[in-house]
Structures are given as C-alpha cells and as structure tokens.
C-alpha cells in the first residue's frame, strides 16, 4: 500500500467567490478542495459574495452542457469536507434559503469570517 | 496576519469582498488594476484606509497606470519588496 504523506496538519480554506456556471472557476474550486481532502488535508469552504449562488437548490444545467455543481456539492460530506461556511450578507442579498442548500452551510458575519481566515494556514481564493 | 493581494479595480466584486475581510494587522498589496484602489481622494482609498491594514502598491503597475504621484500614504514596492512581504506574512490570499 502506498503511504500518502499527511500534509503536516495544515488547514486549508478555499474561498469560493464565483457563480456556478459563469466560468470554470466554480468547478475548479470545488475540485481543488476535493483533491486536497483526498490527500488527508483538513479542508473547509467559505462561499463568499457571488459564490453563494452555487448553493441554490434545483440547479439544472443540463441544457448548457455543464455538469451539475449542486450535485457535486451534495457529495462533499462523503469526501470528509464537513465544514462549509457562507457569507451571511450575500445569503440575504440573493435570498438563498439555507434550509434547502445542496450541502449545509453555516452563515457568518464579516468579523466571524475574519476569524475563520486566521484559523487556517493556507488560503486559496477562487 | 494575512498578506492580501488585489488586482482588480475598485468597481469589482473582488475589491468589495477583500475590503470586508481586511483586518487591522493585515497588509494589502495592490497590483495590476488594483493600483487604482490606491488613488488618493477616492472613496475606495478612504475605505481601504479605514480598514487599518498596511497598504502597498507595486511600482511598475502604478507607473503603467500613470498615477505615480497620486498614491500618497501607501508604500511603493518593487518585486523584491513583494517577495519580502511574502516572507513577513505566513499566509497570503489573492483577490482577482
């Protein structure tokens, strides 16, 4: 069996700021998070600004020829990504219903988001 | 403490989101179109000053923008200065 080096216990926070189907960054951000988690890195996600649009339920991008990002998000707990946070102001701006999101997310105010950034060793902005 | 880099203009979502997460003790390096956020006398600049973070601008981008005389109150760095900042701050976050 191959031994995979545990990445020295560093905590990674992916900060996801783009809507799901406007460009490829949304998908890239989630895939990066999944890859990091697969290598036993502790991964948390923060959906910020337009990134909260990825949490809309009932996404149907089939006609665009895109894979369903909402469905990918629903699989996050299977990949040991348990901590998902979301920008409370953007949730309010876009009227996102947190009880219906593909993955459950904890809303944070700006001071709490600043704290979250400080608790992580690696910050990846998408 | 975090070194933020911003390379988007004051009208961008990246600017607004960076501003919300910028905290006292952090540093912000403005590069590319981000240098326009350093323009003295603008609303964007006043908002950055109020955040209480150290403000840096990348010299070559400020020169290209033609605003070398209009970023008073920020520190101008070259690429070596950028590298020095990355050495001073353990964590870096890119806004673009």
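Beta carbons closer than 6 Å, at least 6 apart along the sequence or on distinct chains, pair a first residue in the range A:1-24 that is at pLDDT below 90 with a second that is surrounded by 19 or more Cβ atoms within 10 Å (Cβ to Cβ) and in a loop (DSSP other than H, G, I, E, B) for A:7/A:41.
Taken together, the criteria place residue A:23 among residues that are part of a loop (DSSP other than H, G, I, E, B) and within 14 Å of another protein chain (Cβ to nearest Cβ). Restricting attention to the range B:16-57, the residues that are within 11 Å of chain A (Cβ to nearest Cβ) and in a helix (DSSP H, G or I) add up to 7.
Taking the range B:49-80 as the range and being more than 14 Å from residue B:35 (Cβ to Cβ) and out of contact with any strand residue (DSSP E or B) (no Cβ under 7 Å at 6 or more places or on another chain) as the test, the residues that pass are B:49, B:50, B:51, B:52, B:79, B:80.
All of (1) under 20 Å from residue B:94 (Cα atoms); (2) surrounded by 12 or more Cβ atoms within 10 Å (Cβ to Cβ) hold for residue A:23 with one exception: (2).
Within the range A:51-66, can you find the residues that are over 12 Å from the mean Cα position of the chain (by Cα) and within 23 Å of residue B:18 (Cβ to Cβ)?
As a first pass, look at the range A:51-66 and keep what is over 12 Å from the mean Cα position of the chain (by Cα): A:56-66.
Hits for the range A:51-66: nothing passes.
Per-residue answers, yes or no, for (1) surrounded by 21 or more Cβ atoms within 10 Å (Cβ to Cβ); (2) part of a helix (DSSP H, G or I); (3) more than 14 Å from chain B (Cβ to nearest Cβ):
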{"site": "A:73", "(1), (2), (3)": "yes, yes, yes"}
{"site": "A:85", "(1), (2), (3)": "no, no, no"}
{"site": "A:95", "(1), (2), (3)": "no, no, yes"}
{"site": "A:99", "(1), (2), (3)": "no, yes, yes"}
{"site": "A:104", "(1), (2), (3)": "no, no, yes"}
{"site": "A:114", "(1), (2), (3)": "no, yes, no"}
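Per the listing A:91, A:106, A:86, the residue uniquely free of Cβ contacts under 8 Å to residues at least 40 places away in the same chain, within 26 Å of residue A:10 (Cβ to Cβ) and in contact with a strand residue (DSSP E or B) (Cβ under 9 Å, 6 or more places away or on another chain) is A:106.
Evaluating residue B:3 against the criteria (1) exposed (fewer than 15 other Cβ atoms within 10 Å of the Cβ); (2) within 14 Å of chain A (Cβ to nearest Cβ) leaves one unmet condition, (1). Under the condition of being surrounded by 14 or more Cβ atoms within 10 Å (Cβ to Cβ), more than 14 Å from chain A (Cβ to nearest Cβ) and not in a helix (DSSP H, G or I), the residues counted in the range B:58-96 number 6.
Give me a count of the residues in the range A:55-83 that are more than 21 Å from residue A:31 (Cβ to Cβ) and free of Cβ contacts under 8 Å to residues at least 12 places away in the same chain. The qualifying residues number 1.
Taking the range B:25-37 only, how many residues are touching a helix residue (DSSP H, G or I) at 6+ places or on another chain (Cβ under 6 Å) and closer than 16 Å to residue B:72 by Cβ? Residues meeting the conditions: 3.
The values are calculated or read from the model by the stated rules, or taken from the named source; none is laboratory data. Treat the numbers as computed from the prediction; the structure is a model and nothing was measured. Quick reminder, even Gly has a Cβ in these numbers, built from the backbone with ideal geometry, and neighbours come from all protein chains shown.
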